[in-house]
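Presented below is the structure to which this report refers.
The values are calculated or read from the model by the stated rules, or taken from the named source; none is laboratory data. From a predicted model like this one, the values you see are computed outputs, not experimental measurements. Reconstructed Cβ throughout: ideal geometry from the backbone, glycine too, with neighbour counts over all protein chains shown. Side chains are part of the model used for accessible areas, which takes the heavy atoms of the whole protein and leaves out ligands, DNA and RNA. Shrake-Rupley method; radii C 1.70, N 1.55, O 1.52, S 1.80 Å.
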Amino acid sequence: MQFESKSLEILAEALKEMESGFTELPEVSLEFDYEAMQRVLLETAEKLKDNYPYFHPYYAGQMLKPPHPIARLAYMLSLWINPNNHAIDGGRASSQMEKEAVADIAGMFGWDKFLGHICSGGTMANLEALWISGKLNSEKMIVASELAHYTHSRISEVLKLSFQSVPCNERAQIDLNALEKVLKTGRVGTVVATIGSTGTGSIDPLPEILQLREQYDFRLHADAAYGGYFILVDNLSPAARLTFDSLGQAESIVVDPHKHGLQPYGCGCVLFKDPGVGSYYKHDSPYTYFSSKELHLGEISLECSRPGAAAVALWATQKLLPMEKRGEFAAGLAKSRQAALELYQRLNSDSRFLLVVEPELDIVTWAPRAKTTSRISELSRAIFESAAKRNLHLATFNYPSRLVRKTWKEVQFDTDSVVCLRSCLMKPEHLDWLDRIWELLDKATNEVLL
Ligand SMILES: *Cc1c(COP(=O)(O)O)cnc(C)c1O
């Protein structure tokens, strides 16, 4: 069996329990054509077969992680109510659950006073953070590393803020000398530090960036959409540990529960250290239904209607798997990181491969060894295809050649960027499946190289 379905029994029971809260109302009987629904739903299932097996350990490509069954169930359960977390009147219980769930996430970074909410994803969360940055420093620039998520330059465009990209070093981190050079112009309003870059999982060094902040006054925004939850694990490199330990000193943090927080899509989170930024969200909408004096989440969020379901799912997941340093949730992440370290070691001691960077989280990046970067790109694509034929799903990504020039000593650089292989080992099961994954990678590689 590939799909867990035993949990559906719990859903039926919980649905009854929830229904018992509404028994004083007269019953409404709605008629549906169940045969037609069945036909359409089976057709839907047929359509959905056309997907990579994201739920399976052999899917080790892009950032896709199956939601925990509790998240699926809680999300579905809430849909019989379909609360809207725009206002307390749209979802009393789910608004309260959102406040609690977000407070737990903020607590993970050591914040007990903060402003924050769930939004549709990392893009929206970063947009809100940079929107506040722009309100505070409208004349100044946003800067982020060349390996930061492309959303930052696009968001800056949307917000009509100027943006500059800062080169990275060989470890795929923002280059501190290059950063200081831009800071010296006095035109930087906000530095975006990437805590877990989307390509390699690299981490910008916060202690050093914070030192620069002492000298050059800027706002620090941490894009930890992918990496944020790794603050809980006990197997980071010492440098990464120091960075995670300083994360609470940023002015704003973004973390995506739909990346590593076991949530279905549609769940990002933005946090501000200073609750005072809430005043920028002030609006005077004639349509909304803010009836009580309590905080309505719609008053501190750019999106209006928001799925209460996402908050309910997040709350239930955190209830089952609290975000504690030595808890089960943290152990799952630590296993992913361990899987990445082990895959890295196997690749590193195999002469067929070149490594891009040492993994800081659970993302591994490498390439097949060849004479030129153009040939490496061809071979990477071929291995990607050959692995996929064997049901092992990796990812490819384009990396600036400049950043591997020093480490890939015998390679001729005939292209500005080079296609590499990339694997996000996001499922804790990846560790147990590593031998099988390696076997397929080995075969796929030999098919291409020999
Ligand atoms: C995924 C990601 C984003 C974008 O978030 P979405 O949830 O895809 O909108 C931004 N920054 C980083 C570092 C990411 O990994």
Once the in-chain neighbours fewer than 8 apart are removed, the lysines whose Cα is under 17 Å from residue 371 read 406, 409
Of all stretches in the chain that avoid chymotrypsin sites (Phe, Trp or Tyr not before Pro) placed in a DSSP loop and having at most 12 other Cβ atoms within 10 Å, the longest is 288-450
Looking only at lysines whose Cα falls under 19 Å of residue 273's and that sit 8 or more positions away or on another chain, we get 99, 113, 135, 282
Relative contact order of region 328-449 (C-alpha contacts under 8 Å, at least 6 apart) in percent is 32 percent
With N residues in region 342-393, Rg(alpha-carbon) / (2.2 N^0.38 Å) equals 1.16
Listed by chain and number, the lysines with an alpha carbon less than 17 angstrom from that of residue 140, same-chain partners under 8 positions apart left out, are 160, 181, 184
Mean separation of Cα contacts under 8 Å (at least 6 apart) over the residue count of region 207-264, i.e. the relative contact order in percent, is 48 percent
Averaged per residue, the 1.4 Å probe accessible area of region 328-449, protein heavy atoms only, in Å², is roughly 43 Å²
Beyond 26 Å, the calculated P(r) of region 328-449 holds a percent of Cα-Cα pairs equal to 18 percent
Over 22 Å (Cα to Cα) among 335/389; 259/319; 335/443; 6/389 -> 335/389; 335/443; 6/389
Relative contact order of the chain (C-alpha contacts under 8 Å, at least 6 apart) in percent is 20 percent
Gyration tensor on Cα atoms of region 94-198, a ≥ b ≥ c root eigenvalues, a/c under 1.5 rounded, else prolate if a/b beats b/c, else oblate, says prolate
Quick calc, residue 18 & residue 283: beta-carbon distance into FRET formula, R0 30 Å, rounding 0.05, result 0.35
With label points set 7 Å from each Cα along the Cα-to-Cβ direction at residue 154 and residue 80, the distance between them in nm comes to 3.8 nm
Out of 341, 421, 440 - ranked by how far each Cα lies towards the positive end of the dipole of region 328-449, with unit charges on the beta-carbon of charged residues - the top one is 421
Computed about the Cα centre, the charge dipole of the chain from +1 Lys/Arg and -1 Asp/Glu charges at the Cβ has a magnitude in debye, to the nearest 20, of 1480 debye
Residue separation between residue 304 and residue 391 times 0.36 nm, minus their alpha-carbon distance, gives in nm 27.2 nm
One can check that the equivalent ellipsoid of the chain, built from the alpha-carbon gyration tensor with semi-axes equal to the square roots of five times its eigenvalues, has lengths in Å, largest first, of 38, 31, 18
Per the helix-only model, the chain has a calculated mean residue ellipticity at 222 nm (DSSP H runs of ≥4, -39500 (n - 2.57) each, divided over all residues, rounded to the nearest 500) of -12500 deg cm²/dmol
